[in-house]
Amino acid sequence: MTELKLAENIIKQRKTRNMTQEELASTLGVTAQAVSNWERGGYPDITLLPAIANYFEITIDELLGNDDISREEDIKKFFHLIREELPGDAIAEKLALCKKYAEKYPKNYDIALELGAAIFFSDQEIRKEYLPLLREQCEKIIAGSTEQSYRDSAIRLMCRLGNDEDFEKWSAMCPEDYTACRRDILELCLVDQRNYDELILRKGANMLERVCYLMTSNPGNWNDPQKAAAESAYLLEPMQSFGENKEIPPAWLGWYGENLLRLAYHLFRSGHDEEGYANLDKAYEIFVEWGKIPNDTALSLGHDWLFHGIKAVKNEWMYQFPDGKKEYSKRMTIFSDKARFMYAAMTSPGRGWDGFDRVREETRFRQILTKAKELADSGENNE
């Protein structure tokens, strides 16, 4: 409920005009005792509010202290108290003040999140007591705000402070990007629980997710062949760094071959045919090596200090933990079977691979195409 400031506003407006209580009373047609009562916290008859506001040349909202300026000043006062005057360990005082202002300004999401922060830094008993209120505040944010930062914060709070049912419900609201990724939130929950063994494994899985996100992001230089070639060459470097002496770890072979093929494509587009053929030959060799690995095989991703024993499962869209447990992720399409990919790309004019048009009829190109066709056929026969 909004706190009215009628008394202080009447005093302020009267003194601004150098009026006594008797003079104001005479102007408004009431007794001096009535004005004195208003200024001590009493309320005038509601029918008098327009006359009082009109005389002071302000709105009724301004008279009551419910105008925008008064609200802004009050909210600034709240954040000043919370962040600058109350000491960090004054958790109970902060919690009480946040609760008061959240009720006072139910549509202010910054105050709602400040309440969430106060609950977060409380002990377990208080967290449990205030969970229904936190849930109410976070549901209000999700229902009323389109600002992703507010929604992300509400999701994180409920995932970290709620029960198992809350975690399942709220983590399912995470968007596909990495502002509030479900796996990132789970990592934070493990920190809260001090479950450091599980945390290390989750960090490995999250690192894999982030790397794959980077690898599969839409290129920004497709219309510039030289820049696109440089971008494709750059994407090869991380995979080289995952193994010893720039040796590509088994899990990355298929994606490495695909990016070699893209690099060759952009080199042909920019007129660097010799480099294009060199990368086309190398892509074929990598695809052959990748094809020798059976589908459903759990494969090393490289350095344990980076991926912490997590393995990618070929063609399953899953990664595997050291204990054999698997998790699905659409990012794992990187590790799919590539048997037919090269041939399909080399024979798809006008469908994103028109950069091969310049060399499509050359003998060298057709020789590689023949081998790519054999590789595609062998993949079909192995299904």
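Since every read-out is calculated from the coordinates, none of them should be taken as a lab result. In this text, all values refer to a predicted model and were calculated from it rather than measured experimentally. A quick note on method: Cβ atoms are made from the backbone with ideal geometry, for glycine too, and the neighbour counts reach across all protein chains shown.
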(Q) Checking the cross-link filter: which lysines have an alpha carbon closer than 19 Å to that of LYS5, excluding same-chain neighbours under 8 positions apart? (A) LYS15, LYS76, LYS77, LYS100, LYS104
Q: Please give the net charge around ALA112, taking every other residue with its beta carbon less than 15 angstrom from that of ALA112, where Lys and Arg add +1 and Asp and Glu add -1.
A: +2
**Q.** Residues MET19, MET158, MET346 arranged by fewest to most Cβ contacts within 10 Å
**A.** MET19, MET346, MET158
Q. Rg and Dmax of the stretch 6-66, using alpha carbons, in Å: what are they?
A. 10.1, 27
(Q) For the chain, take every pair of Cα atoms, bin their distances at 20 Å starting from 0, and report each bin as a whole percent. (A) 21, 33, 24, 15, 7, 0
Q: Would you list which aspartates and glutamates come within 17 Å of LYS373, measuring only between C-alpha atoms, while excluding same-chain residues fewer than 8 positions from it?
A: GLU258, ASP281, GLU285, GLU289, ASP337, GLU361, GLU362, GLU383
(Q) Going by amide H atoms built from the backbone, whose H comes under 5 Å of the H on SER300, apart from near neighbours? (A) ALA251
(Q) As an exercise, identify the trypsin sites (Lys or Arg not before Pro) in the stretch 137-239 lying in DSSP coil whose Cβ has no more than 10 other Cβ atoms within 10 Å. (A) ARG194
Q: Give the relative contact order (percent, whole number) for the stretch 217-381; include only Cα pairs under 8 Å separated by 6+ residues.
A: 19
Q | Max mean-square fluctuation residue, GNM over the chain, Cα-Cα springs under 10 Å, options LEU48, LEU306, LEU369 | A | LEU48
Q: Note down the Stokes-Einstein diffusion coefficient of the stretch 291-363 in µm²/s, whole number, using a Kirkwood radius over alpha carbon pairs, 10 °C, and 1.306 mPa s.
A: 110
**Q.** Cα-based convex hull, the stretch 242-316, per residue volume (Å³, whole number)
**A.** 92
Q: In Å³ and rounded to a whole number, note down the convex hull volume per residue for the Cα atoms of the stretch 69-194.
A: 114
Q) What is the stretch 6-66's relative contact order, in percent, from Cα pairs under 8 angstrom and six or more apart in sequence? A) 39
Q. Each residue of the stretch 329-344 in turn: what ³J(HN,Hα) in whole Hz from Karplus with 6.51, -1.76, 1.60 and θ = phi - 60°, glycine and Pro shown as x?
A. 7, 5, 5, 6, 4, 3, 9, 7, 5, 10, 4, 9, 5, 5, 5, 4
